[in-house]
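A quick write-up on the structure given underneath.
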Amino acid sequence: MMMPIWRHLRSSRRVLGFVFVASVIWLLLDMAVLRMSDGDANSRLMREKVILEQGLARHQDKVTQVGLGEPHVNEEDEKSDRRNSQPVKLSRRRKKEQVQDDASQVKPNAVVQDDASQVKPNAVVQDDASQVKPNAVVQDDASQVKPNAVVKQPVGLSLIAAPKNDSVVLKAEEVLEPVKATPNISLQASNQHQDAKKLPGKKKKQIEELPVQGPRNTSSVKRDKQNGEILDNNIKVVQVRDTHSVKASVHQVLSIDLTAAPRDPKAVGQYGLAGTVPSLMDSVVKKRWNEGQFNVYLSELIPLDRALPDTRPEICTRNMIHDDLPSTSVIFCFVDEVWSTLLRSVHSVLNRSPPHLLKEIILVDDFSKKPYLKDNLDKYMEKFPKVRVIHLKERQGLIRARMAGAAVANGDVLTFLDSHVECNVGWLEPLLERIHTDRTKVPCPVIEVISDQDLSYKLVDNFQRGIFHWPLVFGWNALSDEYVKKNNMTPADPIRCPVMAGGLFSIDKKYFYELGAYDPGLEVWGGENMELSFKVWMCGGQIEIIPCSRVGHIFREQNPYQFPLNRRRTVERNLARVAEVWMDEYKELFYGHGNLHLLEKPLMDIGNLTDQIQQRNKLKCKSFKWYLDNVYPELEAPLVKAAGLVFNRGLRSCLSIQNGVLVFDTCHLSSQSQHFNYTWLKQVRQQDVCLEPSAKQSLLTLQPCGDGSSSNSHKPQRWLHKSSQSKLPEHLMVEMGPKQMCLEAAAKEAVLHLAPCNANNLFQQWQFTNYYSE
Ligand code: UDP
Ligand code: MN
């Protein structure tokens, strides 16, 4: 009995042994395969494939994971995400955020202070109404995300820390291929994303260790020497499917800069330093200058991915940013842009933007003539999947070219940039953050200066805002020290601007269209910054400069492209359209401050404005007076140039209208019949009647005032008085055909007539009671 059992057992042992050996072999093979695939995955291309597949799988699961650069390869998370219909797997990072949220410590858009108990909100988000700052700093209204607010997000995004040894995988598009080299990949530490093990109880220390501002601080960058990939500070953003309320989570602003350790540190212009050209090349420099109205020759010697000094105020590196920012399409419009500057602009965006926020870059070629901007450009950009090139079939001008870009944009936000810029580290998130906080905010970066001569990158002063002078001329204006002090402003606080410079800004795409986009009747260049600024402010939005976002721009003395019409006329015509639609009675100040020909609107033909006026009415936008009172009260905008009694020096009495007739009378300040305005349209006016030479020329009549419109310009009602254009400022001078005649009180009859101008004749000298403007 025992024997058969034993034999049976022996034979089953053999079977068992066989099974065991087979399992071991299987296991070893399996491990080998795993190792191989792991080894392969270390190559960037393979990883990309893995990522793409994973991305696809996740997409199929309707659970998206995007990351810093691209989702990292983290099998654990992948599986759990795919298995789970609730993909939010709280990592240490996420937990830490919760702790912060719960402890009421970190505020959206806040700056983290060393002492957590003293976290000071970015001035813009005020908890305490008593601290609300008037005017210069834009205040968020109550609808905005408040610290620790529970935000309802149908599709929320939460941040998950990647394990420390995961690498961010960069797509081929981040490689600047035409400049052959290994990509310079580096990430300035965003300590909030560092290994969470370090974090509990060490917040203070962590913040003290933050890199200080200055040219590249590579100490904060950890990278894998072998493959150049980032080892630290990885994040992964997981789209949350559930529709329950989730806490707004934030992270410290990302300081992505793939150029931080440049390939060729000694290259010309590297680190934003001034480049020099040997003097024997002077003639070439000069010859090529006209191609772009800057040092085109030098620009070609500078790497397309040069490093720049981080010029942000130090406090900016600690800004807190929401995890679920909208994505953006960056739109560059250009006409005959220089190759090197166009490419440097594009690479600066690719190299210094969080890839998960950069939906695409749209290059709109505004019918350039340069051949290299056609096939060559298309071919070059083929290597960068995020870049799209559109060639317009005819010259549209900057304004309509931007709209062509916007029309095909897929991002949530439109970011318009000039085609000769360099975006600096951390430039994008602070802009998108403002829009995330309030979609009617239109944030602009600080525009720093790239020298047109030596291409050096120059940091600009803080606390500058965009303003305009008459007649709608854009300018910069520094906030006064007292103002900054009084309002307790930090260098990171958004600065509200009456107008934007125009070239560089972000705007929520839907909001842009709700506003009616740009006036498509604006030609070539100019005025569109005024149009959008007035539109935004008067229809409920805000224009801001965000000091933590910095972009360099080559300022040129001349436009390097042709204006199909004359440049000045084009700009004036654009501005006149803006004034007609947006400035109500104040448009007279625009016309009045311009050269005399601005009053010659019949010659200007500013086109049809029906749609623009309708749009303003539809949006129920506020008045220009509201804009002046609330947004730009500093602007001197008296509705008339002078007003009061009109005193004649020779007669020593005042002009008066009695029974519809012009007479002289003893001056009485309280007499309404003696009260006249001298307007910006140069009319001498009482109510609706204006002083006008009669057909008989030497006599004067009262006529209904012209409104200056093209059909009713009423040139004869235009009197020069106290004008810098006149040698006889005390006189009231009118053009009579080719001649100039002056208003004179006839000494004996005390009546008015016109006479040839005479500098010394007191009867030709007039004085209004009040002058409001020179
Ligand atoms: N631009 C354009 N079409 C035009 C005029 C200008 O696409 O008809 C582009 C130009 O190439 C540049 C941007 O619009 O990228 C702004 O023009 P520019 O730099 O001359 O303006 P500025 O910086 O002097 O205000
Ligand atoms: Mn420009």
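The values are calculated or read from the model by the stated rules, or taken from the named source; none is laboratory data. Here the structure is a predicted model, which means the values were calculated and not measured. All Cβ positions, glycine included, derive from the backbone under ideal geometry; neighbour counts span all protein chains shown. Side chains are part of the model used for accessible areas, which takes the heavy atoms of the whole protein and leaves out ligands, DNA and RNA. Shrake-Rupley method; radii C 1.70, N 1.55, O 1.52, S 1.80 Å.
The table that follows gives values for the structure above.
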quantity	calculated
Accessible-area composition of segment 345-439, carbon plus sulfur, in percent [1.4 Å probe]	51
Cα-based convex hull, segment 253-348, per residue volume (Å³, whole number)	123
Karplus (6.51, -1.76, 1.60) ³J(HN,Hα), θ = phi - 60°, over segment 324-329, in Hz, Gly and Pro reported as x	9, 5, x, 8, 10, 9
Mean Cα-pair separation over length for segment 478-595, i.e. relative contact order, pairs under 8 Å, 6 or more apart, %	31
Inter-site label distance for residue 751 and residue 701 at 7 Å from Cα along Cβ, in nm	1.5
Extended-chain gain in nm, criterion 0.36 nm per residue less alpha-carbon gap, residue 266 and residue 651	130.7 nm
Order by protection proxy (mean Cβ within 10 Å, highest first), peptides 749-760, 352-363, 388-399	352-363, 388-399, 749-760
Solvent-accessible area, 1.4 Å probe, carbon plus sulfur percent, for segment 534-637	47
Sites residue 663 and residue 688 - FRET efficiency at Förster radius 25 Å, r taken between beta-carbons, to 0.05	0.85
Point-charge dipole on Cβ atoms (K/R +1, D/E -1) for segment 291-447, about Cα centre, debye to 20	260
Percent RCO, i.e. relative contact order, over segment 647-767, from Cα pairs under 8 Å lying at least 6 residues apart	25
Relative packing of 309-322, 729-742, which averages over residues the other C-beta atoms within 10 Å, highest first	309-322, 729-742
Under 20 Å between alpha carbons - lysine pairs in segment 562-714 that sit 8 or more apart or on different chains	9
Net +/- balance of residues flanking residue 466 in space, Cβ distance below 11 Å, scoring K and R +1, D and E -1	+1
Amide proton proximity set for residue 505, modelled H, under 5 Å, gap of 5+	416
Accessible solvent surface per residue of segment 305-368, calculated while the other protein chains remain in place, 1.4 angstrom probe, Å²	13
Net charge, residue 267 excluded, C-beta distance under 13 Å - Lys, Arg +1, Asp, Glu -1	+1
Protection-proxy order for peptides 272-282, 502-512, 462-472, each taking the mean of Cβ atoms within 10 Å per residue, highest first	502-512, 462-472, 272-282
Summed side-chain charge close to residue 624 - residues other than residue 624 whose Cβ falls under 14 Å, Lys, Arg +1, Asp, Glu -1	-1
Histogram of C-alpha separations across segment 479-540, 10 Å bin width, %	17, 43, 26, 13, 1
